[in-house]
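Asks: Could you have a look at this structure, given as structure tokens, before my questions?
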Amino acid sequence: MREKYAAVVGAVNVDIWGRSYNALTERDSNPGEILLSMGGVGRNIAHNMCLLDIRVQMLTAIGGDAWAQQIESSCRELGIGLEHAVRLPRQRTSTYMYISGPDGDMALAVCDTDIAQHITPELIERNLDMLNAAELVVFDGNLTPETMDCLTSRCTAPLFVDPVSTAKAVKLVPFLHRIHTIKPNTMEAEALTGESSAEASAQALIYAGVKRAFVSDGPRGIVAAHGLDCFRVPCCTVRLVNATGGGDAVMAALCRSFIDGRDIVQSARYALAAGAMAVECGQTINPELCDVLVRRRMDSAKE
């Protein structure tokens, strides 16, 4: 029997996080701490998926610098398969640098994801057999429109997408009718639909052809839509340490829920529990995330 797996198409990069001890002062040096971790939206989702017991193959582009060696080593330790990744010795590894205040909420970020341009339609075509045999395929908004078009038209596995940002979300508009599950935040959802409320944008995404929409509405939870059904699912109680990475855990949990056959409300509840665990950790990925603890956190939120 073929071993089941999911595939992720997207960015891998290094995350550099600076957290100020006090309220941020612009144009000045702010005392604080600086942490470095392996990241990238695609890789973060893949990492969280591994923690939730999903076998992952990743299709990505990796540079030839010292960061790339750390990324490959980290993926090997986690069990993220990179057999299908393209290596580019002369390119910079994708890097994401962000700064937060003492509350952990991001204040400013700079991302260098130019290497993602090398995740091309040709790379998708060469790896269609692997992609089509997956239980699901996740991709992120760092892909070019040409690659998105190829992936969404040629891949037969259910497609899950994280828009990444408002600027990148608009690239998805022509392909919404080919997407199974999308997880935007409210700003990304507005960029995709022109609707200002989470409920209206979730329903507009369904009308555009998406099968399932999960719109993250910050502390107000998730609005989940499928067909004619639309529900708001409230957040768990959370002690915020680092908001970056929460959305990646949510997407991984939505993948786990799809594999497990949960309905959209239960999927949203499971995803919110995973997201709560993620943002309560100083690292981009909470190493303690696992299916048992997420289900326990989900159940405790009902009490």
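The values are calculated or read from the model by the stated rules, or taken from the named source; none is laboratory data. Everything numeric in this text was worked out from a predicted model, so none of it was measured. Please note: Cβ atoms are built from the backbone with ideal geometry, for glycine as well, and neighbour counts cover all protein chains shown.
Asks: So in the range 43-94, with the set limited to residues that are part of a loop (DSSP other than H, G, I, E, B) and of a type in the set (Asp, Glu), which one is farthest from Tyr5 (Cα to Cα)?
Replies: Result: Asp65.
Asks: Next question. If I filter the range 184-227 down to residues being of a type in the set (Ser, Thr, Tyr) and in a loop (DSSP other than H, G, I, E, B), which single residue comes out as surrounded by the fewest Cβ atoms within 10 Å (Cβ to Cβ)?
Replies: Within the range 184-227, the match that is surrounded by the fewest Cβ atoms within 10 Å (Cβ to Cβ) is Ser196.
Asks: Report, ordered by the first and then the second residue, all pairs with beta carbons closer than 8 Å, sequence separation of six or more or different chains, a first member in the range 284-303 that is closer than 17 Å to Asp248 by Cα, and a second member that is acidic (Asp, Glu).
Replies: Correct list of pairs: Thr284/Asp15; Thr284/Asp248; Ile285/Asp248; Asn286/Glu280; Cys290/Asp53; Asp291/Asp53.
Asks: If you don't mind, another one. Conditions: (1) in contact with an Asp or Glu (Cβ under 6 Å, 6 or more places away or on another chain); (2) over 25 Å from Arg126 (Cβ atoms); (3) of a type outside the set (Ser, Thr, Tyr). Val41 meets all but one. Number of the miss?
Replies: Condition not satisfied by Val41: (2).
Asks: Do we have any residue at all in the range 239-252 that's among the aliphatic types (A, V, I, L, M), part of a helix (DSSP H, G or I) and in contact with a Gly (Cβ under 6 Å, 6 or more places away or on another chain)?
Replies: Checked the range 239-252: at least one residue is among the aliphatic types (A, V, I, L, M), part of a helix (DSSP H, G or I) and in contact with a Gly (Cβ under 6 Å, 6 or more places away or on another chain).
Asks: Looking at Ala191, Ala202, Ala169, which is the one that is of a type outside the set (S, T, N, Q) and in contact with a Cys (Cβ under 7 Å, 6 or more places away or on another chain)?
Replies: After ruling out the rest, the residue left standing is Ala202.
Asks: Test Gly247 against the criterion of being out of contact with any strand residue (DSSP E or B) (no Cβ under 8 Å at 6 or more places or on another chain), of a type outside the set (A, V, I, L, M) and at pLDDT 90 or above, and give yes or no.
Replies: Numbers: out of contact with any strand residue (DSSP E or B) (no Cβ under 8 Å at 6 or more places or on another chain): no; of a type outside the set (A, V, I, L, M): yes; at pLDDT 90 or above: yes.
No: the conditions fail for Gly247.
Asks: Looking at (1) surrounded by 15 or more Cβ atoms within 10 Å (Cβ to Cβ); (2) within 28 Å of Thr120 (Cβ to Cβ); (3) more than 21 Å from the chain's Cα centre (by Cα), which one does Asn13 not meet, given that it meets all the others?
Replies: Among (1) surrounded by 15 or more Cβ atoms within 10 Å (Cβ to Cβ); (2) within 28 Å of Thr120 (Cβ to Cβ); (3) more than 21 Å from the chain's Cα centre (by Cα), Asn13 violates only (3).
Asks: Specify the residue that is farthest from the chain's Cα centre (by Cα); the eligible residues are those in the range 122-138 that are within 20 Å of Ala213 (Cα to Cα) and assigned to a loop (DSSP other than H, G, I, E, B).
Replies: Glu135
Asks: Go through the range 139-180 and report how many residues are under 19 Å from Met58 (Cβ atoms), part of a helix (DSSP H, G or I) and touching a Phe, Trp or Tyr at 6+ places or on another chain (Cβ under 9 Å).
Replies: 4
Asks: For the subset of the range 228-238 comprising residues that are over 20 Å from Met187 (Cα atoms) and part of a loop (DSSP other than H, G, I, E, B), which member is modelled with the highest pLDDT?
Replies: The extreme case among them is Leu228.
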